[in-house]
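To keep things clear, I will list the structure first and then write my remarks on it.
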Amino acid sequence: MEAIEMEGLTKIYRKRAALDNVHLTVEQGERFGFIGPNGAGKSTTIKLLLDFIKPSKGSARIFGLDAQKDSESLKRIIGYVPSDVHYYSNLTVEEILMMTGKFHHIHNIKEMMAYYVERFALEPKKKMKDLSLGNRKKVAIVNSLIFNPELLILDEPTNGLDPLMQHRLFEELNYHNKEGATIFISTHNLPEVEAFCTRTAFIREGKIISVEDMASGYQPGKVVTLTGSAIGTEDFESKGYRVLSRTDRVVSLLYKDNVNQILADMSSLDLEDIEIRNQNLEEKFMTLYGGGESHE
Ligand SMILES: Nc1ncnc2c1ncn2[C@@H]1O[C@H](COP(=O)(O)OP(=O)(O)OP(=O)(O)O)[C@@H](O)[C@H]1O
C-alpha cells in the first residue's frame, strides 16, 4: 500500500510555484529521504501533506485518505517533527507530552514518558520557553514518537541535536520502522540520508529532479582524483568527464561507472597517484544542484 501519494501537487505563492506539479509515491514501510537546497519546496510539501496549507492544484493521499479532507483522522496516525518547534511556550515538557497522551489515548503514557525522558535526556518540569533549540527539537521528536505513529514526517529533525542525540534519534527511527512505521525525512544532512534511507527524492525549485534507490546499491558514478605535476591543464571535458575541482597538481573528476575506460583514458598521463571511488550522495547533490567545477 502507498503511505504517501502526491498527484500533481502544486503550491503557488504570488504567481511563483513553490511546488510545481509534483508526483511522488512513498510505499508503506519505506525510509524515504527528501533532499534539496534552501527554498526548494521541502517544507511546503510537508505543510501540504499535513494540511497546514492548501494546494493550488493537485492532491495528496496518505494511506488512501485525502491529505486535506481527511486531515483530522490523519492527525491520529502521523507523527510530525517541525523544522522550527513552537509549542505552547508556557507549558512544561511533561504537560505537552500528557496532552499528546490524552489525544492519542495512550494508556501507559507515564511509562512511555519515563522511557523517552531518559532516552532523550529531557527535563520534564521545564517550560518550553526556557528550552534551547536542540532541547525543543527533542521534545518534538519524543512527541512524535510516543504514540507509535504509522507515518513519521520529520522536517530537519537533527538540526540542533548533539551527536549522541542524533544517534538516539536514528535508533528510535529504526525501531519504529521495523515495527512498521513509514519514515519521511527532509534534511540537509546527506550522510544521514545515505546511512538511513531506502529511497531519496531530490527536489529543486519545486520540482522533483531525481529519485534514487539507496537500498539496491547506490552507484551513480565514479569520482576520479588524479595527482601529478602536469595535469592541471589537461582537457578531460572532451572525453566526457565532469571536472569537480582542479588545482595545478590535483584534479577531481566525475565519470560514469566504467573503471576500465577510466584507466584507459588516464594511461598516457604522467601521474603520481590515482584514486577511483564511488560518488557519494554529497557529490551527487552538488552535481544535481549545480555545484560544478571549483578552482580552489
Ligand atoms: N508563506 C509564503 N509566502 C510566500 N512564499 C513562500 C511562503 N512559504 C514559502 N515560500 C517560498 O516557497 C519556496 C519554497 O519554500 P520552502 O520553505 O518549502 O523551502 P525548503 O525546501 O523547505 O527550504 P529550507 O531548506 O530553507 O527550509 C521558497 O522560495 C519560499 O520563499
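The values are calculated or read from the model by the stated rules, or taken from the named source; none is laboratory data. As the structure is a computational prediction, the values presented were derived from the model and not from experiment. Because the Cβ atoms are built from the backbone with ideal geometry, glycine has one as well, and the counts that use them run over all protein chains shown.
Numbers at a glance
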{"quantity": "Selected residue (criterion: farthest from the chain's Cα centre (by Cα)) from residues of segment 178-194 that are crowded, with 18+ Cβ neighbours inside 10 Å and farther than 21 Å from Gly134 by Cβ", "calculated": "Ala181"}
{"quantity": "Test for Gly101: is it surrounded by fewer than 21 Cβ atoms within 10 Å (Cβ to Cβ) and on the phi > 0 side of the Ramachandran plot", "calculated": "no"}
{"quantity": "Test set (1) touching a Pro at 6+ places or on another chain (Cβ under 6 Å); (2) closer than 30 Å to Tyr255 by Cβ - Val211 fails condition number", "calculated": "(1)"}
{"quantity": "Residues that are modelled with pLDDT of 90 or more and surrounded by 14 or more Cβ atoms within 10 Å (Cβ to Cβ), drawn from segment 272-289", "calculated": "Ile274, Ile276"}
{"quantity": "Lone unmet requirement of (1) at pLDDT 90 or above; (2) over 28 Å from Val193 (Cα atoms) for Glu234", "calculated": "(1)"}
{"quantity": "Extreme residue, farthest from Leu151 (Cα to Cα), among residues of segment 25-60 that are in a strand (DSSP E or B) and touching a helix residue (DSSP H, G or I) at 6+ places or on another chain (Cβ under 8 Å)", "calculated": "Ile35"}
{"quantity": "Pairs where the first residue, in segment 88-110, is within 17 Å of Ile141 (Cβ to Cβ) and the second is assigned to a helix (DSSP H, G or I) and of a type in the set (S, T, N, Q), C-beta under 6 Å, 6+ apart", "calculated": "Thr100/Asn143"}
{"quantity": "Enumeration of residues in segment 70-92 that are more than 16 Å from the ligand (Cβ to nearest atom) and part of a loop (DSSP other than H, G, I, E, B)", "calculated": "Asp70, Lys75, Arg76, Ile77, Tyr87, Tyr88, Ser89, Asn90, Leu91"}
{"quantity": "Positions within segment 165-204 being in contact (Cβ under 8 Å) with a residue 60 or more places away in the chain and either of a type in the set (Phe, Trp, Tyr) or not assigned by TED's automatic domain parsing to the domain that holds Glu27 (or both), in sequence order", "calculated": "Phe184, Phe196, Phe202"}
{"quantity": "One residue from Asp70, Asp66, Asp84 being at pLDDT below 95 and among the charged types (D, E, K, R)", "calculated": "Asp84"}
{"quantity": "Segments classed as helices (runs of 4 or more DSSP H), wholly inside segment 111-207, with at least 1 members that are modelled with pLDDT of 95 or more", "calculated": "133-145, 163-178"}
{"quantity": "Among residues of segment 13-53, those that are within 16 Å of Pro82 (Cβ to Cβ) and hydroxyl-bearing (Ser, Thr, Tyr), counted", "calculated": "3"}
{"quantity": "Selected residue (only one of Gly29, Gly36 is in the same structural domain as His176 (by TED's automatic domain parsing), surrounded by fewer than 19 Cβ atoms within 10 Å (Cβ to Cβ) and touching a residue at least 24 places away in the same chain (Cβ under 8 Å))", "calculated": "Gly29"}
{"quantity": "Top-ranked residue of segment 152-172 - restricted to ones that are among the hydrophobic types (A, V, I, L, M, F, W, C) and either within 16 Å of the ligand (Cβ to nearest atom) or surrounded by fewer than 21 Cβ atoms within 10 Å (Cβ to Cβ) (or both), ranked as farthest from Asn38 (Cα to Cα)", "calculated": "Leu164"}
{"quantity": "Qualifying residue in segment 50-66 (condition: over 15 Å from Val211 (Cα atoms) and aromatic (Phe, Trp, Tyr))", "calculated": "yes"}
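Okay, residues lined up against (1) within 11 Å of the ligand (Cβ to nearest atom); (2) more than 13 Å from Phe184 (Cα to Cα); (3) among the hydrophobic types (A, V, I, L, M, F, W, C):
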| site | (1), (2), (3) |
| --- | --- |
| Ile4 | no, no, yes |
| Gly8 | no, yes, no |
| Lys15 | yes, yes, no |
| Ala18 | yes, yes, yes |
| His23 | no, yes, no |
| Lys54 | no, yes, no |
| Lys57 | no, yes, no |
| Gln68 | no, yes, no |
